[in-house]
Amino acid sequence: MTQAPAPIRFKGTDTYLTNESLQAAVNCALTLQRPLLVKGEPGTGKTLLAEAIAESLGHRLLTWHVKSTTRAQDGLYVYDTVQRLYDSRFGDGDVRDIRRYIRMGPLGEAFSSPERVVLLIDEVDKADLEFPNDLLHELDRMRFRVSETNDDVAAKHRPVVVITSNNEKELPDAFLRRCVFHFIDFPDTELMKRIVGVHHPGLDESLSEQALKVFYELRTLTRLRKRPSTSELIDWIAVLKANGVSSLKLDEGLPFMGALLKKEQDLVAVAEAFGRGRRTRA
Amino acid sequence: MFLPFFYELRRRGVKVGAQEALALAGALKAGLHDSSLDGFYHVARALLVHSETQLDVFDQAFLAHFQGVESAGIELTQELLSWLEEARERTDLTPEEVAMLEQWDPEELRRQLEQRLREQTERHDGGTRWVGTGGASPFGNNGLPRQGVRVGGRGGRQGQALWQAGARQYAGYRDDLVLDTRQLAVALRKLRAFAREGVAEELDIDETISATAKNAGELEVVTRAPRRPNTRVVLCMDVGGSMDPYAHLVSRLFSVASQATHFKELRTYYFHNCVYGKLYATPQLTGGITVPELVAQVGRHHKLVMVGDASMAPYELGIRTDANGQYRAEGIEGLAWLMQLAQHFERNVWLNPEPPASWRAGTMAMIGRVFPMFALTVEGLGEAVNHLTRGRTPRGASARR
């Protein structure tokens, strides 16, 4: 029996820590060659996952940041009419060759790349409701046709597609069915300690302990509009380190709260909860 | 073996189909699960679940389905037991180790293991009795007594997957509302209208070509303003009392409407039973705006969507209040407030969660003469949106006369 060469297994990288279920999801996506859909709270490292996969597999990373105005077509290719019109007027180059005016989008670039790449479609939920549906065929078959030139763009190596979503919109079932799904949990204290350790090596033990304690304490506050997440903790610790803060107490005005809490109401809520009504501004 | 698990999942509302089954079969064939129940749990979860709202259901189904598989786990340990027997033949063990092995009779071990697996309900690390990791029990992984049955490692940590499923840490993400929000969103999408306004920054290809042609081939670029959403909506909702049974349905509509990005402006207000001069900003009927203020602030082209069951005691339509909702003998009747709204907004609808068959009587019929009434279902919403986008609403206007 001929076995396909054992696919490369993803194990995380030095700076990106994973757990078993995330690895299982990534490996499923790699082996089955399906897009990996990653959801999770903001700041849990959805986007970084694609970078980590690219790094650990040694592939190039292409990123497609989806915005509310992004259309599926933009990801495939754009036909630069203006340039062609301009050239036709001023006579630069061969206007009859339409191919010169077809610019590949991120998806088109990933398909036409000579080697395997990792394609990150970031925040797919930002786009229009129909956006994921428009990409179904392209992601399934990994090919599309440029209607202006009748060229077929087909992937030589199916790219590793990582799609992130912040859950602002429901994604259509047909789209979900084609994806491997993973929900990134919020890290528990142990994992968070390791994550902090990776980002701030040699951090004072007691400071990291206290910062984590404050951090998880804040996350339990149900009044917060936006709970602080991993990336905010990392930033906060960086600020603390840079300013030589060595000890923290939750009942005092906490230093540099602005790095953790991004809404004014939240700052007030924290001040009320821990500072006995005293208002602190960050 | 996993097909019955599929039907278990479907029964619980996780819509898995042939595509998922094939994907899972492919993953298992590729050995992604490392021949362990734990690995199977992770792989199955990644492939069968498509939303974090289903993770909890998945955990429950997994638990229900594979709880019995602890016996299958024991089959798995058969292999380990035979290894245990083989180990006695091995020569690379120290005499002490051999002696310790002799201590354990495979039959006895097997019996104990089965018994302990049955008793054990949670994951166990450390300790001397339960199956788990890092302990000194003869069953487990990375434990002290090497001569025990190694349950786990890459072989099959059958305690763990069930433990993880048992922990049900995704219960908080359950959201049974999720079913129809997309359908509602799609229905609301028809409510968009675009207008070209703002800075002309988009190339108008057709115009450019014709202008260039007119210009005898001399390039003449024509730009136009990009299309922007131009729909403004006022959404008012009846809260409390007879509306309570429909609260979830209405809140679903509200959440979809507030997430919709294709509205230029969306105002949401609350009222109780009937509008008495004032529309409130919160469901607790605080804050808000009076009807005359609203009429002054928003134009006729806003689309008014009223949501309510329109059922109340008939006299409630006749209560006279002033614009602040205070009872006044010289005030305006509730029905008249509604008519003011209906008259101001060129396009208005009333969405009623009650079945249409009951609309012919009582206050529903009266309000139905003021506002065109549609059922609060996905189809009804579609019809209502059609009505809103089509044009004038003669019924509302004629009711007043």
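The values are calculated or read from the model by the stated rules, or taken from the named source; none is laboratory data. Being a predicted model, the structure only gives us computed values, none of them experimental. For neighbour counting, all protein chains shown are included, and Cβ atoms are generated from backbone atoms with ideal geometry for every residue, glycine included. Side chains included, ligands, DNA and RNA excluded: accessible areas come from the protein's heavy atoms. Shrake-Rupley method; radii C 1.70, N 1.55, O 1.52, S 1.80 Å.
So if I place +1 on the C-beta of Lys and Arg and -1 on the C-beta of Asp and Glu, and nothing else carries charge, what would the dipole magnitude of chain A be about its Cα centre? I want it in debye, nearest 20.
Values: 40 positive and 41 negative charges, 44 e Å.
It comes to approximately 200 debye.
A:GLU130 to B:GLU330: FRET efficiency via 1/(1 + (r/R0)^6), r the Cβ-Cβ distance, R0 51 Å, to the nearest 0.05?
Plugging the Cβ-Cβ distance into 1/(1 + (r/R0)^6) gives 0.45.
Per residue in segment B:1-42, which ones lose no less than 40 Å² of accessible surface when going from chain alone to all protein chains (1.4 Å probe)?
Residues passing the criterion (a loss of at least 40 Å², heavy atoms only) are B:GLN19, B:LEU32, B:HIS42.
Roughly how many Å² of B:PHE62 are accessible to a 1.4 Å probe, to the nearest 10?
Counting only protein heavy atoms, the figure is 0 Å².
Over the Cα atoms, compute the radius of gyration (one decimal) and Dmax (the largest Cα-Cα distance, rounded to a whole number) for segment B:231-400, in Å.
14.6, 44
Under a plain spin-label model, where a point goes 7 Å from the Cα along Cα-to-Cβ, how far apart in nm are B:ALA200 and B:THR282?
Using points 7 Å along Cα→Cβ, the separation is 4.9 nm.
Taking only protein heavy atoms and a 1.4 Å probe, what accessible area per residue, in Å², does segment A:189-274 have with all protein chains in place?
51 Å²
Pop out a list of residues from segment A:80-102 that are at least 50 Å² less accessible with all the protein chains around than in their chain alone; 1.4 Å probe, no ligands or nucleic acids counted.
So the qualifying set is A:LEU85, A:ARG89.
Relative contact order for segment B:231-400 using alpha-carbon pairs under 8 Å, separation at least 6, rounded to a whole percent?
Numbers: 320 pairs, mean separation 35.5, N = 170.
Over segment B:231-400, the number comes to 21 percent.
At a 10 angstrom cut-off on C-beta neighbours, averaged per residue, how do the peptides A:203-211, A:127-135 rank from highest to lowest?
A:127-135, A:203-211
Report the calculated FRET efficiency for B:ALA211 and B:ALA313 (r = Cβ-Cβ distance, R0 = 51 Å), to the nearest 0.05.
For B:ALA211 and B:ALA313, the calculated efficiency is 0.15.
Pairs to check: A:LYS39/A:LYS67; A:LYS126/A:LYS213; A:LYS39/A:LYS226; A:LYS126/A:LYS193. Give those whose C-alpha atoms are more than 22 Å from each other in this structure. Intermediate results must be reported in sequence, preceding the final value.
On the way: A:LYS39/A:LYS67 17 Å; A:LYS126/A:LYS213 34 Å; A:LYS39/A:LYS226 17 Å; A:LYS126/A:LYS193 32 Å.
Flagged as over cut-off: A:LYS126/A:LYS213; A:LYS126/A:LYS193.
Beyond 15 Å, what share of the Cα-Cα pairs of segment B:320-388 is found? Please give it as a whole percent.
Considering segment B:320-388, 58 percent of its Cα-Cα pairs are separated by more than 15 Å.
Need one value for A:172-178: mean number of C-beta atoms belonging to other chains within 10 Å of its residues' C-beta atoms.
Partner Cβ neighbours, averaged per residue: 3.
What ranking, highest mean first, results for peptides B:209-215, B:233-239 when packing means the other Cβ atoms within 10 Å averaged over each residue?
Output ranking for B:209-215, B:233-239: B:233-239, B:209-215.
Per residue of B:347-358, count partner chain C-beta atoms within 10 Å of its C-beta, then hand back the mean as an integer.
Average per residue, whole number: 0.
Scattering from the C-alpha atoms of segment A:114-229 alone, worked out with Debye: what is log10 I(q)/I(0) at q = 0.12, 0.19, 0.23, 0.24 1/Å?
Once normalised to I(0) and log-transformed, intensities are -0.69, -1.07, -1.29, -1.34.
Please compute the modelled spin-label separation between B:VAL378 and A:ARG158, points set 7 Å along Cα→Cβ, answer in nm with one decimal.
Distance between the two pseudo-spin positions: 3.0 nm.
Translational diffusion coefficient of chain A at 25 °C, 0.890 mPa s, Stokes-Einstein with Kirkwood Rh over Cα pairs, in µm²/s as a whole number.
Values: Rh = 21.7 Å.
It comes out at roughly 113 µm²/s.
Ignoring any ligand, DNA or RNA, what whole percent of the accessible area of chain A comes from carbon and sulfur when the probe is 1.4 angstrom? Write down the numbers at each step before the final one.
Details: 6610 of 13820 Å².
Solvent-exposed carbon and sulfur of chain A make up 48 percent of the total.
Leaving out ligands, DNA and RNA, calculate the buried accessible area for the pair B and A with a 1.4 Å probe, summed over both sides, in Å² to the nearest 100.
The B and A chains share an interface burying roughly 3300 Å².
Cα centroid distance between segment A:111-158 and segment B:246-302, in Å?
41 Å
Can you check what the net charge comes to around B:GLY362, using other residues whose Cβ is under 14 Å from the Cβ of B:GLY362 (Lys, Arg +1; Asp, Glu -1)?
Summing Lys and Arg as +1 and Asp and Glu as -1 gives -1.
Other chains near A:22-31: what is the mean number of their Cβ atoms within 10 Å of each residue's Cβ?
6
Let me see the P(r) profile for segment A:189-274: every Cα-Cα distance counted, bins of 10 Å, each bin given as a percent of all pairs.
With 10 Å bins starting at 0, P(r) equals 17, 56, 25, 1.
Based on the mean of other beta carbon atoms within 10 Å per residue, what is the order of B:221-229, B:287-295, A:112-120, most packed first? Let's see the in-between values first.
Numbers: B:221-229: 13.9, B:287-295: 16.4, A:112-120: 18.4.
With the highest mean Cβ count within 10 Å placed first, the list reads A:112-120, B:287-295, B:221-229.
About the Cα centre of segment A:189-274, how large is the charge dipole given +1 on each Lys and Arg Cβ and -1 on each Asp and Glu Cβ? Please answer in debye to the nearest 20.
It comes to approximately 340 debye.
With a cut-off of 18 Å, note down the residues of segment A:42-74 whose backbone N falls inside the zone around a label point 7 Å from the Cα of A:THR15 toward its beta carbon.
Under 18 Å, as judged by backbone N against the label point of A:THR15, lie A:43-63 of segment A:42-74.
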